[in-house]
Amino acid sequence: MAPEAARIAVIGIHGHGASHVLNAGRVGRLVAVVDPRPPQPQTPAADDDVRWFTDLDSLLAADLALDVAVLCTPLHTHAAMTTTLLRAGLDVLLEKPPTTTLAEFEALLAVSAETGRLCQVGFQSLGSQALERVDQLVASGAIGTVSHLGAVGTWVRRRAYWQRAAWAGKRSLDGRPVVDGVITNPLAHATATALRLAGARRAVDVTSIDLALFRANDIEADDTSSVRIETEAGPTVIGAFTLCAETERPPSVTVYGSTGSIRLDYTLDRVHWTHDGGTVTTEHERSDLLADLIAARTDGTALLNPLADNGAFMRVMEAVRTAPDPQPIPSAYVRWEGEGLDAHPIVPGIDAALARVADEDVALHRVVKFSTSWSRLRA
């Protein structure tokens, strides 16, 4: 007899949460959804056999014999809600970032250990088999001695992006940390993927962090930044990110070596190995993190991205949270395109600057000073 499908609840069903609703029905049985707003008509969340609750307490009071919860709620609610779910006896797929402070993360680790429940963090890129390909190439000496890893993300986000929710673009909301900056949320996958390839999983694996935080938008958080992360036993990780790009491209993580390089386009699960003047490109499969969590419940296999393996990322999160406010980029160095909510800022020359930061292991504030030296970058 085939095992009964896992009974799943999705908490937070609009926006990105809608994709979790669809996926829950593919890998298990969607039993309930939780959101203050009702499900959209003619979506799986609105099916007759799926119960809708406006809050988490109502869901748990209904005693639906749930197995797994998927949590896709505002960043600053992650710690408290995940704690409640774990103590209610559920295993959890927790959207990234896991929490907004390192203290919350450590407390959540203790709850997971206390309850014996599983918690997988939803950095989807960490389910990619492309990471194994990169690890194998590095271990084989395919690019010689590794010097550092460089992560680059050049995305475009319109004004509507920052108005989609009360917490969007905030460093804090009503006294609670949010940390919705480019390093820690929109391009957090780049940061997490680079750390994983560098072998940095736990908080103790990170020894120092250097940040340069800027913003072109009228927000609290950073939208154009660099981060330099020294790791205990692995190479240095450099991150260079913007949401004010000239051209939006797939983000990537590159491992730089003495005889070549390996670039992972992590949203595409594509690896480019460059050596001896040639490049070999391979494409790879990706394991679904919710399916992996469900499998781990039944066969006891290790999770692809268990909560504990996100400590290194949380060190970065904490550094951004406690850093001084991002520096505004003077309007003279920002060009706006579009109108109304479709308007978006472009920082001319920023794409090249970020590529240089990653390639040369140099901090963004040493490349760009948003003053008369800006012409050096554009030359």
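Of the residues making up the range 221-251, those that are closer than 19 Å to residue 312 by Cα and touching an Asp or Glu at 6+ places or on another chain (Cβ under 6 Å) are 228, 231, 232, 236, 238. Of the residues contained in the range 290-300, one or more are found to be more than 19 Å from residue 10 (Cα to Cα), of a type outside the set (Lys, Arg) and not in a helix (DSSP H, G or I). Of the residues in the range 131-150, not one is touching a His at 6+ places or on another chain (Cβ under 6 Å), in a loop (DSSP other than H, G, I, E, B) and at pLDDT 95 or above.
Please go through the range 66-83 and pick out each residue that is within 23 Å of residue 288 (Cβ to Cβ) and not charged (D, E, K, R).
Residues of the range 66-83 that are within 23 Å of residue 288 (Cβ to Cβ), as a first pass: 66-73, 75, 78, 81-82.
Of everything in the range 66-83, those that are within 23 Å of residue 288 (Cβ to Cβ) and not charged (D, E, K, R) turn out to be 66, 68, 69, 70, 71, 72, 73, 75, 78, 81, 82.
Applying the set (1) surrounded by fewer than 19 Cβ atoms within 10 Å (Cβ to Cβ); (2) in a helix (DSSP H, G or I); (3) of a type in the set (A, V, I, L, M, F, W, C) to residue 65 leaves exactly one unmet item: (2). Here is the figure for the range 327-361: residues that are touching a Phe, Trp or Tyr at 6+ places or on another chain (Cβ under 9 Å) and under 23 Å from residue 195 (Cα atoms) total 4.
Filter the range 179-202 for residues that are under 9 Å from the mean Cα position of the chain (by Cα) and not in a helix (DSSP H, G or I) and give the result. Full working, then the answer.
Our first condition is that a residue be under 9 Å from the mean Cα position of the chain (by Cα); within the range 179-202, this holds for 183-193.
Matches in the range 179-202: 183, 184, 185, 186, 187.
Residue count for the range 109-121 under the criterion of being under 17 Å from residue 311 (Cα atoms), surrounded by fewer than 24 Cβ atoms within 10 Å (Cβ to Cβ) and in contact (Cβ under 8 Å) with a residue 12 or more places away in the chain: the result is 4. If you filter the range 268-285 down to residues that are under 21 Å from residue 190 (Cβ atoms) and surrounded by 16 or more Cβ atoms within 10 Å (Cβ to Cβ), you find that the one that is nearest to the chain's Cα centre (by Cα) is 269.
When the residues of the range 198-245 are filtered to those that are more than 20 Å from residue 106 (Cβ to Cβ) and without any contact (Cβ under 8 Å) to a residue 60 or more places away in the chain, the one that is surrounded by the most Cβ atoms within 10 Å (Cβ to Cβ) is 198. When the residues of the range 318-355 are narrowed to those that are among the charged types (D, E, K, R) and assigned to a helix (DSSP H, G or I), which ends up surrounded by the most Cβ atoms within 10 Å (Cβ to Cβ)? Checking each candidate, the answer is 318.
So is residue 133 touching a residue at least 40 places away in the same chain (Cβ under 8 Å) and surrounded by 19 or more Cβ atoms within 10 Å (Cβ to Cβ) or not? Spelling it out, residue 133 is indeed touching a residue at least 40 places away in the same chain (Cβ under 8 Å) and surrounded by 19 or more Cβ atoms within 10 Å (Cβ to Cβ).
Here residue 354 meets the list (1) of a type in the set (A, V, I, L, M); (2) over 23 Å from residue 150 (Cα atoms); (3) at pLDDT 95 or above almost entirely, failing just condition (2). Using the structure shown, decide if residue 269 is of a type in the set (Asp, Glu) and either at positive phi or at pLDDT below 95 (or both). Against the criterion (of a type in the set (Asp, Glu) and either at positive phi or at pLDDT below 95 (or both)), residue 269 qualifies. Scanning the range 84-114 for residues that are within 22 Å of the chain's Cα centre (by Cα) and small (Gly, Ala, Ser) gives 103, 107, 112.
The values are calculated or read from the model by the stated rules, or taken from the named source; none is laboratory data. Predicted model only: the values in this text are computed from it and were never measured. So basically every Cβ, Gly included, is an ideal-geometry build from the backbone, and we count neighbours across all protein chains shown.
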